[in-house]
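One structure is given below, encoded as C-alpha cells.
Here, each number is a calculation from the coordinates, and none is a lab measurement. In this text, all values refer to a predicted model and were calculated from it rather than measured experimentally. We place every Cβ from the backbone using ideal geometry, glycine too, and count neighbours over all the protein chains shown.
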Number of protein chains: 2
Amino acid sequence: MILVVGSIAFDTIKTPFGNVENILGGSAVHFSISASIIAEVGIVGVVGMDFSKSYIEYLQKKGIDTEGVKKVSGKTFRWEGYYEYDMNQAHTIKTELNVFKNFHPDIPEKYKTAKYVFLANIDPDLQLEVLNNIKNPKLVVSDTMNYWIENKKDRLIEVIKRTDIMLINDSEICQLFHTTNLVKAAKRIMSLGPKIVIIKKGEHGAIMFTQDSIFIAPAFPLEEVVDPTGAGDSFAGGFVSFLSKTQKLSENNLRKAVIFATVIASFTVTDFGTRALDSIQYTDIKNRYIELMKYTKFKKL
Amino acid sequence: MILVVGSIAFDTIKTPFGNVENILGGSAVHFSISASIIAEVGIVGVVGMDFSKSYIEYLQKKGIDTEGVKKVSGKTFRWEGYYEYDMNQAHTIKTELNVFKNFHPDIPEKYKTAKYVFLANIDPDLQLEVLNNIKNPKLVVSDTMNYWIENKKDRLIEVIKRTDIMLINDSEICQLFHTTNLVKAAKRIMSLGPKIVIIKKGEHGAIMFTQDSIFIAPAFPLEEVVDPTGAGDSFAGGFVSFLSKTQKLSENNLRKAVIFATVIASFTVTDFGTRALDSIQYTDIKNRYIELMKYTKFKKL
C-alpha cells in the first residue's frame, strides 16, 4: 500500500480554455487518483464541513482508502488561480488555508506499515511528523514547493535527508541551491541523502539523476493543454504507484516508472482538475508509453 | 558541398563565467566551423577592413572555403551582449551592422551548384536572393530570428515556403504563429511548405516534426555552460553537415543528424565563441552521442 499525505482542496481555476469553480483538487487528491489506476493508496488529509460525502464516495469508488481523511469544523482548503497562454506558470489569486491551518497528520494504524510513502508539498514540519509516525517504509518520496524553500528551508533540508527519492520542480531546486544548473543542483540534493532525484520540467519533461546515471525523459507532446493544475502530483502518483506495483528499484524499472508517470500526467492536463483521469484505462497509458518510445528512439552513429 | 550564407561578426560577450572582446563570431562562422568537422563548406558573407588575414586563415585551416567572404571598406559587423545566470536568454547591449548594412550575397560560381544550403538568420530578402541565385539544391535549411518575424514577416513566409527543413527557436515559432503550443506551431509551419521543422529549445533540447513523425531530442546535460552564443548555428552546422555527409533523408538518418547536432552544440557552449570546437575530435562527438543514447533509453512496459 501507498500512503500519501498532502492537501485536499477545492480549486477555482481559469485558463485560456475555460474556467471551473470549487472543483476537487489538492496534491493528495491528484496523487491518489493517479496512483489508484494501478495501486492501492491510502490518503491522509483534512477537509471541512463543506466536503460532502459524494467526494469521499468518488475517491472510494476509485479504490482509494479514505480512512485518513479527517473532517473537522470549518471550510476545506481553497486555491484560486489562473494560467495565461504560457501554461508553465500558475498565478495564484487567493489561497484560503481554512481547516488546513491547524492540520496535523493523523496516520491510521493500518497505514503506518505502508511500504511506499509520498510526502506531497506540505509544511516540512508536517512531513517530518509523518516520517516520525510510520514504521520502516521501503521508499519515501517527497515533494516541496517554493514557499517552504523560502520560509522553512532548514526543516525542508531535514525532510530531504530522510527522503529516498526527491521529486522537485526545476525552478525550485535551482532556488534551493542558488544555481541555474540542474546537474549541479541534482548533485547537491543527492549529497544530502536522497539516492535519486527527479527534476520536473513541465512541458520540457523530467530528468532523473542517480549516483551513477542520468535519465532524460521527454514530456508527451500535446496539442491541447487545458489545465496543468495537479500535473506534478499526478506524475508523482504514476511514479510511486508503478514502483509499488512492480517492487523493483533497478535503473530500468525506475526509468519505466518515470515514463509511466509522464504519460499519466499527460492525460491529467487535458481537462480541468481530476476529470481527465476518470476515463483513462491502462491500455490508454500503454499506448502513449509506446508512442513515447517511438518519439525518442535513435540509432547508433 | 554545403553553402552557408549568414553573418560574420566580432562579438563582445559577458557571461557569469567571464568576458571576451571582439572575438570571431556570427551565424555563418559558427555554422561553418561546426560543419567543417565532417564536411566541406563554403561561406558567403561580408567583412570589413578590420577583419585581418589571420581570421581568414583560421577558417581555411579548418577546410572552410572562404572565396565567398567579401572584404569591403568599413568595419565588420559587431554584436555586444551579455547573459545572466539564466543562460537561455541573450541580452543585447549593442548591434553595429557596419558593412553588413549594405550586404548582398555574392555567390561564387562554384557554390551555385551546392546541394546543401543553409540560410542563417539574416534578412529574408537576402535569403531569397540566395535562393534565386543557386541551381537546383537538394536541401534548403533555413533559420530566422525574432527581428525578422516582427519586421519582415511576409518575406520570411516566402523563405519558409521555399525551405525544405526549417530550424527555429521555440519562442520564435510561437511568436510567428501566435501560439504557445509547439505541436500546433509545427503543423502551421509545415502547412507552408517545409517537410520538416526542428524546433530548438536550448537547454531543453529540440523537437523534430515531419508529416508523420515526432522526434524528441534531449540536450546534453552539462555542468558548465560558459557561453551559449552560437549554439543554434553550431547545431545547424552539425545537422546539415551530417546530412551532406551521409546523403540520406530517412527518418533514422534525420534523427541521427539531430543528435549529432545536439552533441556539437553541447561542446560549443563550454567555452567562449568558437574556441571549444578547436579541440574537438570526431571521437569526442561519438562518445557523447553514445552517452546520450544511454541517457534516453527505456524499456517496454
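What's the local net charge at B:Ile13, with K and R +1, D and E -1, over the other residues with C-beta under 10 Å away?
Within the 10 Å Cβ shell, the charges total -3.
PRE reach from B:Gln60 (point 7 Å along Cα→Cβ): which of segment B:82-124 fall under 19 Å by backbone N?
Answer for this model: B:108-111.
List the residues whose amide H sits under 5 Å from the amide H of A:Val69, counting only those 5 or more places along or on another chain, with H placed 1.01 Å from N in the peptide plane.
Close amide H contacts, sequence-distant or interchain: A:Gly45.
Expressed as a rounded percentage, what relative contact order does chain B have, with Cα pairs under 8 Å and six or more residues apart?
Result for chain B is 17 percent.
Report for segment B:2-296 the percent antiparallel among DSSP-assigned beta bridges with both residues inside it, nearest 5.
45 percent
I'd like the distance between the alpha-carbon centres of segment A:219-261 and segment A:1-46, rounded to an integer number of Å.
Value for the Cα centre distance between the two parts: 15 Å.
Once both labels are modelled 7 Å past Cα along the beta-carbon direction, what's the A:Asp86-A:Glu67 spacing in nm?
About 4.7 nm, to one decimal.
Can you give the calculated 222 nm mean residue ellipticity of the protein assembly as shown, where each DSSP H run of n ≥ 4 adds -39,500 (n - 2.57) and the sum is split over every residue, rounded to the nearest 500 deg cm²/dmol?
-11000 deg cm²/dmol
Which of the lysines could be linked to A:Lys75 by a straight reach, that is with a Cα gap under 16 Å, when you skip same-chain ones fewer than 8 residues away?
Within the straight-line cut-off, A:Lys75 pairs with A:Lys53, A:Lys94, A:Lys101.
With each pseudo-label sitting 7 Å past Cα toward Cβ, what's the B:Asn22-B:Asn252 distance in nm, one decimal?
Placing both labels 7 Å along Cα→Cβ, they lie 5.1 nm apart.
Out of residues 5 or more away from A:Thr274 or on other chains, whose amide H comes under 5 Å of its own, with H placed 1.01 Å from N in the peptide plane?
Placed amide hydrogens put nothing under 5 Å from A:Thr274.
If we hang a label 7 Å off Cα along the beta carbon direction at B:Arg155, how far is it from the matching labels on the other copies, in nm, shortest first?
Inter-copy label distances (nm, one decimal, shortest first): 6.1.
Quick one: 3J(HN,Hα) in Hz for segment A:71-77, Karplus 6.51/-1.76/1.60 with θ = phi - 60°, rounded, Gly and Pro as x.
Running phi through 6.51 cos²θ - 1.76 cosθ + 1.60 with θ = phi - 60° gives 9, 10, 5, x, 9, 5, 3 Hz.
When each copy gets a label point 7 Å from Cα toward the beta-carbon at B:Lys110, what are the spacings between them in nm, shortest first?
8.3
What FRET efficiency would be calculated for the residue pair A:Tyr282, B:Arg275, taking the C-beta separation as r and a Förster radius of 35 Å, to the nearest 0.05?
0.10
Axis carrying A onto B: which residue of A has the nearest Cβ, and how far, whole Å?
It is A:His204, 2, counting Cβ atoms only.
Pairs to check: A:Lys201/B:Lys153; A:Lys256/A:Lys294; B:Lys195/B:Lys248; B:Lys245/B:Lys299; A:Lys115/B:Lys294; A:Lys256/B:Lys294. Give those whose C-alpha atoms are more than 20 Å from each other in this structure.
Check vs 20 Å cut-off fails for A:Lys201/B:Lys153; B:Lys245/B:Lys299; A:Lys115/B:Lys294.
Which whole-Hz couplings ³J(HN,Hα) result when phi for each residue of segment B:148-153 is put into the Karplus expression 6.51 cos²θ - 1.76 cosθ + 1.60, θ = phi - 60°, listed in order with x for Gly and Pro?
Per-residue couplings from phi come out as 6, 5, 6, 10, 9, 4 Hz.
Note down the net charge around B:Val29, summing +1 for each Lys or Arg and -1 for each Asp or Glu among other residues with Cβ under 10 Å from its Cβ.
-2
FRET efficiency for A:Lys53 and B:Ile157, Cβ-Cβ distance as r, R0 = 51 Å, nearest 0.05?
Efficiency, from the Cβ-Cβ distance: 0.30.
What aspartates and glutamates sit close enough to A:Lys286 to cross-link, taking a C-alpha to C-alpha distance under 12 Å and skipping anything fewer than 8 places away on the same chain?
Answer for A:Lys286, where 12 Å is the Cα cut-off: none of the aspartates and glutamates qualify.
Residues with beta-carbon under 12 Å from that of B:Pro105, excluding B:Pro105: net charge, scoring Lys, Arg +1 and Asp, Glu -1?
-2
Which one of B:Ala217, B:Ile33, B:Val69 is farthest out on the positive end of the charge dipole of chain B, using unit charges on Cβ (Lys, Arg +1; Asp, Glu -1) and the Cα centre as origin?
Farthest towards the positive pole: B:Ala217.
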